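The values are calculated or read from the model by the stated rules, or taken from the named source; none is laboratory data. Keep in mind it's a predicted model, so treat the numbers as computed, not measured.
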Amino acid sequence: MYQYPHTIENKYGEKLVFKGLVKEADGDALDNGTKKRPEPVTGAFLITRYSTEFEVQGIPVFVKKMIIPIQYSIAKMRGAYKGYKEAPAPFK
């Protein structure tokens, strides 16, 4: 587990700064709980859609800039993201 300061700004411009523990994700986003990372299609959606909000460390630049956007586009064309219609919009 890692400790990083994190800042959240609400629509009124007020900031909340807090420290906490970041734990590994578990649940539906993981490969049936057998791996400690999201499925490739889910990961491509999160990394692409919310790229202004977070960055995943440890992924090579080539993969971030070429492979993941291509994977996202193909999955979107195939309708893999229909279940994410209600996903919140990213911050700008």
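Key figures
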read-out	value
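One line per residue, one yes/no per condition, for (1) farther than 18 Å from P90 by Cα; (2) within 14 Å of the chain's Cα centre (by Cα):
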residue	(1), (2)
P40	yes, yes
L46	no, yes
T52	no, yes
F62	yes, no
P69	no, yes
K76	no, no
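One line per residue, one yes/no per condition, for (1) at pLDDT 80 or above; (2) in a loop (DSSP other than H, G, I, E, B):
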position	(1), (2)
T7	no, no
V17	no, no
N32	no, yes
K35	no, yes
F45	yes, no
S51	yes, yes
I59	yes, yes
P69	yes, no
